[in-house]
Amino acid sequence: MAGNQREMERRARREQKERRHKKIIWIIIALIVLALIIMKICEINMNSVKNHFTDEEGNFTLTDGVVDDNFPYNIDSSQNVSLVNINNKLGILTPGSFTILNTKDASCEYVFGHGYSNPILESAGIYSLIYDQGAKNFRLDTVSGAVYEQESANTILCADVSKNGTVAAATTSNEKLCDIVVYSKSLNKQMEISTSAGYVVAIALSENSKSVAVAVVTGENADLKTTLYVYDIAAGLDSERIVELPQGTLIDISFTGSNILVVGTNYAGVIRKGETYEEVYAHNSISTRCVCYTPAGDLVLVYNQYNNSTENVISYIKTNGKIKNEINVSGNIKSVTASSSLVSVLTNGEIISFNLSNSEEKSRAFTVDSAKSICRMGSDIFVHRQSLIDRSEADNN
């Protein structure tokens, strides 16, 4: 009898322990499900959660070696800040400094004070070009260090850089109105010409660094006239091609293969093979708000029908000048940024992301009204607000 009773007591304790273990397991499962539901509702980025439990070698860990997320990252200014993707690193230009930031943990990989009064940033591939517009200094850097800093002979008006480190600069001239100089990354002059056609307001290098386009403005019948001059760098003036642009202030020019995409305040078009202008949006048919480019060089143009309108269109324009898609979005759009498949716009208090090809809204994340600009890099969106660079936690699928 005593033996049977002890056996019954052991069986009862074992069953009680099993019930307790099952209860704990179900509680853990319930907590996991609840956490997933909360993350979905709050649009928490699963990739950012993964980063919190990944060491520097990409291995899962709970304690040692976890990469700290140092966002938001403090910068030295709240005004005139530019964000750009430089070889999958975040480039940050402020009135006082330039920083290359590791986007995984906000660690600073490269920083310097430039000392320029009016710094302008251009980038391509691993290279960044910073020039002091209205002064003479410019410098070329990679994501890991300086290549050179140089002083031009005259005042810099505008400049550009290509993926192999070639730099084109337009300056004032001692003999004519403007000089145009193209430098290799070792500072050898590959082309040097002067022009009296007008003042250069924009310059762009082709992706293969074999051509340069220069936009020149002149006055005609009380109106501003913009003309684009295209040169083969090896041939210089002998290869000059002249293309007239519509009336209106030029915003940007960009090579896409042999074509050149052109955006003005009230028009957009493409110059085919550097010779013939074709309109994408006719003169005075749009009011341009902001522009950006995909990694492949496609144009993303945000426009509305008139100034101060809050009904906007995001136009996805391929490198051949054809409109691939248009997305309607309401709000005061302050900034636009795109990856290969997604486009995000910053409005007053929201970051809204869409699929570029089919217009599907992918996410809508809240941000502060003081946010000034955004930069998309893959699934992450980086936000400039006040004197901070933050990472949006929106799930962009």
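The values are calculated or read from the model by the stated rules, or taken from the named source; none is laboratory data. Fair warning: this is a prediction, and the values are worked out from it, not measured in the lab. As a convention, Cβ positions derive from the backbone with ideal geometry for all residues, glycine included, and neighbour counts pool all protein chains shown. Each accessible area value is taken on the protein alone, full model and side chains, heavy atoms only, with ligands, DNA and RNA left out. Shrake-Rupley method; radii C 1.70, N 1.55, O 1.52, S 1.80 Å.
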If each of Ala153 and Ser330 carries a label point 7 Å out from its Cα toward its Cβ, how far apart are those two points in nm?
5.8 nm
Efficiency of FRET from Cβ geometry, Asn284 and Ala135, R₀ 35 Å, rounded to 0.05:
0.45
Roughly how many Å is it from the Cα centre of segment 225-243 to that of segment 94-152, as a whole number?
29 Å
Report the gain in length on full extension from Thr249 to Leu237: 0.36 nm times residue separation, minus Cα-Cα distance, nm rounded to one decimal.
1.7 nm
Here the FRET efficiency for Asn87 versus Glu220, based on Cβ atoms and R0 = 30 Å and rounded to 0.05, is 0.10
For Ser357, net neighbour charge (Lys/Arg +1, Asp/Glu -1) across residues whose Cβ lies under 15 Å away
0
Rule-of-thumb Rg ratio for segment 317-356 [Cα; 2.2 N^0.38 Å; N residues]
1.23
Could you sort out which of Lys89/Lys210; Lys104/Lys210; Lys136/Lys324; Lys104/Lys334; Lys225/Lys322 sit more than 31 Å apart by Cα distance in this structure?
Lys104/Lys210; Lys136/Lys324
For Ser341 and Ala296 in the same chain, what is the full-extension length gain: residue separation times 0.36 nm, less their Cα-Cα distance, in nm?
15.2 nm
FRET efficiency for Tyr306 and Ser258 from the Cβ-Cβ distance with R0 = 45 Å, rounded to 0.05, comes out at 0.85
Can you give me the long-range amide H partners of Ser373? Hydrogens built in the peptide plane at 1.01 Å from N, cutoff under 5 Å, separation of 5 or more residues or another chain.
His384
Taking a crude spin-label model, label points 7 Å out from Cα along the C-beta direction, the Val313 to Ser370 distance in nm is 3.7 nm
Hey, any idea what % of segment 261-394's accessible area is carbon plus sulfur with a 1.4 Å probe?
43 percent
